[in-house]
1. Taking the condition of being of a type in the set (Gly, Ala, Ser) and at pLDDT below 95, how many residues in the stretch 428-447 meet it?
2. Considering the stretch 264-312 alone, what residues qualify as being assigned to a helix (DSSP H, G or I) and closer than 16 Å to Ser56 by Cα?
3. Take the residues of the stretch 371-387 that are among the aliphatic types (A, V, I, L, M) and under 30 Å from Pro225 (Cβ atoms): which is surrounded by the fewest Cβ atoms within 10 Å (Cβ to Cβ)?
4. Quick one: would you say Phe80 is crowded, with 17+ Cβ neighbours inside 10 Å, in contact (Cβ under 8 Å) with a residue 12 or more places away in the chain and part of a loop (DSSP other than H, G, I, E, B)?
5. Could you check, for the stretch 355-370, whether at least one of its residues is within 18 Å of Gln76 (Cβ to Cβ) and either at pLDDT 95 or above or outside the structural domain of Tyr410 (by TED's automatic domain parsing) (or both)?
6. Here are some conditions: (1) on the phi > 0 side of the Ramachandran plot; (2) touching a residue at least 60 places away in the same chain (Cβ under 8 Å). Gly376 meets all but one. Which one does it not meet?
7. Write out, first by first residue and then by second, each pair whose Cβ atoms fall under 8 Å of each other, whose residues are 6+ apart or on separate chains, and whose first residue, in the stretch 159-175, is more than 11 Å from the ligand (Cβ to nearest atom) while the second is polar (S, T, N, Q).
8. Return the residues of the stretch 83-120 that are within 16 Å of the ligand (Cβ to nearest atom) and in contact (Cβ under 8 Å) with a residue 60 or more places away in the chain; say none if nothing qualifies.
Amino acid sequence: MRTTTDVLGLDRRHVWHPYASTTHPGPLRRVLDARGTRLVLDGGTGPTEVVDAMASWWCQVHGYRHPDLDAAAHAQVDRFSHVMFGGLTHDPAITLVEKLVEITPEPLSRVFLADSGSVAMEVATKLARQWQIARAAASGSRGSRRTRFAALRGSYHGDTWGVMGLCDPEGGMHSMYAGALEEHLFLPRPPHLDADARASEEWSTAARAAIHEHRDELVAIVVEPILQGAGGMWPWSPECLRTLRELADEYALLLIADEIATGLGRTGTLFACERAGIVPDVLVLGKALTGGYLTQAAVITSEDIAAMISRGPGGALMHGPTFMANPLACAISAASLELLLPTWADNVARLESVLSASLLPLRQHSGVADVRVLGGTAAIELTVPLDMALATDTAIAHGVWLRPFRNLVYARHPYICTTEELQTIATGMTAVVDALTNASNGTGAAA
Ligand SMILES: Cc1ncc(COP(=O)(O)O)c(C=O)c1O
């Protein structure tokens with residue numbers, strides 16, 4: 001077995017990490033073990049056990065090494081791990097699709113199994129564009145002039161080329177690509193979930209005017225419903241989502257709900273769209289789908305939309321990744337949904353109530369601009385600069401794995417966290433805020 005010094009050294013020499021410099025790398029830890037909600041990490045000074053408050057970027061909802069998911073994986077490995085999906089089908093895909101159709105609202109019943117969240121968003125946007133082309137063809141036009149999408153400021157939809165253009169063009173991490181990406185229509189970020197009715201009405205009036213002005217150019221409206229994630233952990237008004245549903249209907253646009261992060265219970269309803277009482281035309285799921293075991297995503301639309309595309313030029317949805325509907329991922333996703341459905345509601349309600357009680361008082365802290373807790377997400381917006389190394393060391397010293405970004409210290413933890421583990425997470429987050437505030441004050445104690 002290699003030593004941790006060897007592993008970290010080889011990593012530094014040869015490996016790219018996400019959003020990380022190779023010449024000025026940040027702190028790095030080796031994962032020695034992962035079980036339940038815990039990771040065992042080694043930064044070179046020996047193993048430390050921490051509660052994983054990131055749930056491996058929000059996907060590991062049932063915990064690591066869950067016996068049911070391990071069993072599903074082993075059983076499928078013993079049959080076949082992968083086969084192509086062109087002209088072939090298999091039981092794991094059918095079992096998964098049947099479950100997905102059961103839990104998604106009508107009329108969503110046609111499922112495309114993609115291989116990651118970003119790719120699923122590419123599929124969703126291509127699907128919408130093909131639907132517009134098919135609609136135009138059905139009414140006798142040659143092609144459709146509708147090529148742009150409407151998205152929200154503060155949004156994040158993935159890292160691949162097409163969907164980068166739907167991420168916030170200024171605050172987002174893809175702003176350096178401006179000019180090279182397609183330029184879509186950005187609506188202002190909707191007001192907070194708890195904002196008064198007037199704020200939502202004003203936003204809706206502005207959204208109506210913008211969509212009306214660009215109605216002949218637009219293909220679809222793309223949103224992360226109710227809770228924007230990587231763009232700022234921002235819970236937003238259900239009233240505004242209802243407005244977008246109405247606008248989509250009025251101007252023959254598809255409403256694409258990117259529920260890759262919000263879906264499967266994360267915001268306190270099974271799908272975030274439920275909070276607004278609406279059904280999107282295209283629902284995209286990922287992350288928690290496999291319980292965090294493997295990469296898989298699902299794009300779900302209605303039979304009518306699928307049929308329109310199939311009748312249109314090309315006669316098919318033009319996408320087909322090599323690892324589409326990977327049987328191993330499908331088997332694990334199906335087992336993960338079995339675990340999720342009876343448990344997510346109570347678990348997520350508990351996450352919200354424990355972290356609200358522990359963290360909302362931090363709104364009075366001198367280093368804090370805001371605290372936002374919704375379902376299984378708790379975010380502290382800082383007024384002080386984020387020193388990543390200090391934040392990480394402090395969190396680990398308090399037994400928690402956190403990965404803050406920009407001005408946010410946040411937790412998006414496994415659904416199975418116990419009350420005690422949630423309190424450990426809250427204590428760790430508070431310690432990070434104190435440490436960052438002290439550092440910014442030049443060692444003075446935090447208020
Ligand atoms: C809302 C949303 N959409 C899309 C993605 C991209 O998913 P993936 O990282 O699986 O490509 C993410 C990832 O964080 C996300 O949060």
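1. To start, the set of residues in the stretch 428-447 that are of a type in the set (Gly, Ala, Ser) comprises 428, 431, 435, 439-440, 442, 444-447.
Next, from what is left, pick out any that are at pLDDT below 95: 442, 444-447.
Qualifying residue count for the region: 5.
2. Narrowing the stretch 264-312 to residues assigned to a helix (DSSP H, G or I): 272-276, 287-290, 303-311.
Correct list: Lys287, Ala288, Leu289, Thr290.
3. From the stretch 371-387, those among the aliphatic types (A, V, I, L, M) are 371, 373-374, 378-380, 382, 384, 386; that's our starting set.
Those left that are additionally under 30 Å from Pro225 (Cβ atoms): 371, 373-374, 378-380, 382, 386.
On the way: Val371: 22, Val373: 23, Leu374: 24, Ala378: 28, Ala379: 25, Ile380: 27, Leu382: 22, Leu386: 16.
Only one residue fits best here, namely Leu386.
4. Details: crowded, with 17+ Cβ neighbours inside 10 Å: no; in contact (Cβ under 8 Å) with a residue 12 or more places away in the chain: yes; part of a loop (DSSP other than H, G, I, E, B): yes.
It is false that Phe80 is crowded, with 17+ Cβ neighbours inside 10 Å, in contact (Cβ under 8 Å) with a residue 12 or more places away in the chain and part of a loop (DSSP other than H, G, I, E, B).
5. Initially, the stretch 355-370 is screened for residues within 18 Å of Gln76 (Cβ to Cβ), giving none.
No.
6. Tallying (1) on the phi > 0 side of the Ramachandran plot; (2) touching a residue at least 60 places away in the same chain (Cβ under 8 Å), Gly376 fails exactly one: (1).
7. Listed by first residue and then by second, the contacts come to Gly162/Thr125; Asp168/Ser155; Asp168/Ser175; Pro169/Ser175; Gly172/Ser155.
8. First, pick out the residues of the stretch 83-120 that are within 16 Å of the ligand (Cβ to nearest atom): 112-120.
Matches in the stretch 83-120: Phe112, Leu113, Ala114, Asp115, Ser116, Gly117, Val119, Ala120.
The values are calculated or read from the model by the stated rules, or taken from the named source; none is laboratory data. Fair warning: this is a prediction, and the values are worked out from it, not measured in the lab. When we count neighbours, we look across all protein chains shown, and the Cβ atoms used for this are built from the backbone with ideal geometry, even at glycine.
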